[in-house]
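Below is one structure, written out as structure tokens; the observations come after it.
What follows is calculated from the coordinates using simple rules that are stated; it is not laboratory data. This one's a predicted model, so the numbers in the text were calculated from it and none came from an experiment. Here Cβ is always computed from backbone atoms with ideal geometry, including for glycine, and neighbour counts include all displayed protein chains.
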Amino acid sequence: MTAARRSRTWVAFVITVMTVLLAGVASTSVASWTTAVTATGTVTTTRVAITQQGFGALSATYLNSSINPLAAGFEAPGLASTGAVTVTNTGAAAGVATITLAAGNGALGTVLNRSVWPVAQSSDCTPQSAVGSAISTIGTTWASGGSFTTASLAPGASAVYCVRSFADRTALAHASGAQTVSANISATLSAAGWTATPATDTLTLKTAAVYPLTATITPDNSQLGWMKLRLASDPTTCLQMAGDGGVGGAVNVGPCVAAGQTKPYTRSIWQLTGAIANNTILTLRPGTATTARLAAATDGSVSPATANTVLGAGGSAQNQRWFVQERQAQQYQLVSMLNGKCLGLVAGVGRLVECTDSATIVLTTPEAVVPSAGLGLLGLNISAILDIGAVRATSTAPGYKVQIANTANPGTWNSCVLLNLGQAVVQPGSSSVSCVMLLTAGQANYIRVTDAGSDSDIIMQFVTKLTCTTVLTLVCSDPTVSEVRR
């Protein structure tokens, strides 16, 4: 009994141990059937890209020659430059572009206006194109900035915008002659949930040698006197007619004063006449070609031409009109209304050059050439010594003729008689003449100087204000010249 009981106990123990072992084997087998799996593959996106073209090419330097000289009195808008900017979707998905113009940096930006409008193609953007529907979100000057968006651009499609800068000359002019503005553009494309790297560019706009207009060197329209136009670089040298030439003659520079005298050469004096009301636009009448006006030609040459009487703004005589800009205090440049170029010297002869050119003639404050008269008694007539203030060169003939009129009959001019030997003539090499003139008591008297060869070629005319109080004593006031007329 004891042995049998021990045998059953052992068997039970063995069974128990096997059960545990089998249970352990089963757990291990389940663990070995579980494994980790790694996923592989590629995620692709649509290419998104944008370019812009033309913005930097809008950079410009504005000169006087960039400004329309026939704009009203040279004071109207005048300047306008136009160019196209193209934004292109160079990616593979359609998208919308955002174009941003940054506010410009520089003083010119506040006075230089800007219009931007869409066009179908760049060929539709020309200087003659009318402004279309201007974009309003970017401001109206280069000092302002902002953004705008295009319509959806298909791959390869472009949006084109016309950009115009414009201003009047008054706004562009500056005492330094130069103003600048720089501005940036940025074009960004959003497509297929992605944004392309911005396409950027910069332009710079500036002026050069555009100075304020001035009437400083121009006499009042009722005081049309003669002046010497001295060079700023050498005050003893003046603008003059070469060899005392006439119509078609050459213009150059030379000594202001006649050799051995204190008076200027006739070839070195000019009569400045305001061509428009504000006297910033002139005509120049040379002392040796009194029926002519200094004129510019389209080939750049400069010489006196027969006077054209159409002197108003926009008239046909723009080649005879000059405006005066003040380069610095009491230094001036003469700018042709024909094309906005300055009077200069090339190979010693007058030519039109850009106002930035070192060959430009720079003049100082002109010095007036003033005629004078002195009277004495000679019987019942008056002996007069008239000094016209300039010396006609010895090579020039026939000289000047002197005539007189008075308030009683101002339309009748009588030649002054030189000691009863004929008409009083200012001979070459001299600036004055002595003659006998019959004056009317109680009348103001007028004297004029004409070319000896033609009464109609009036060089100067002035009022002496001479008044003789009695016929018997011929007591006359000093005939100080008070007015010079043409």
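Taking packing as the residue-averaged number of other Cβ atoms within 10 angstrom, the listed peptides 279-291, 192-204, 174-186 run from highest to lowest as 279-291, 174-186, 192-204.
Kindly work out what percent of the DSSP beta bridges joining two residues of segment 50-207 are antiparallel, to the nearest 5. Walk me through the numbers on the way to the answer.
On the way: 45 of 48 bridges.
Antiparallel bridges: around 95 percent, rounded to the nearest 5.
The translational diffusion coefficient of segment 50-207, from Stokes-Einstein at 4 °C and 1.567 mPa s with a Kirkwood hydrodynamic radius over alpha carbon pairs, comes to 80 µm²/s. Ordering of 336-348, 129-141 by packing is 336-348, 129-141, highest average first (other Cβ atoms within 10 Å, averaged per residue). What the phi angles of segment 139-156 give under the Karplus curve with 6.51, -1.76 and 1.60, with θ = phi - 60°, is a coupling list of x, 10, 10, 6, 7, 9, x, x, 10, 8, 10, 8, 6, 4, 9, 5, x, x Hz, glycine and proline written as x. For residue 153, the residues whose amide H sits under 5 Å from its own are 95, 96, 97, ignoring neighbours fewer than 5 places away on the same chain, with H placed 1.01 Å from N. If you take the square roots of the eigenvalues of the alpha-carbon gyration tensor of segment 78-124 and sort them as a ≥ b ≥ c, do you get rounded (a/c under 1.5), prolate (a/b over b/c) or oblate? Judged from the Cα gyration tensor, segment 78-124 comes out oblate (a/c at least 1.5, b/c at or above a/b).
Measuring r between the beta carbons of residue 57 and residue 291 and using R0 = 30 Å, the FRET efficiency lands at 0.05. What the pair-distance distribution of segment 131-245 shows, using all Cα-Cα distances binned every 5 Å from zero, is 2, 7, 11, 13, 12, 10, 8, 6, 6, 6, 5, 4, 4, 3, 1, 0, 0 percent. In plain terms, the residue of 85, 163, 335 with the fewest other Cβ atoms within 10 Å comes first and the most crowded comes last, giving 163, 85, 335.
Counting every other Cβ atom within 10 Å of each residue's Cβ, 322, 117 order from fewest to most as 117, 322.
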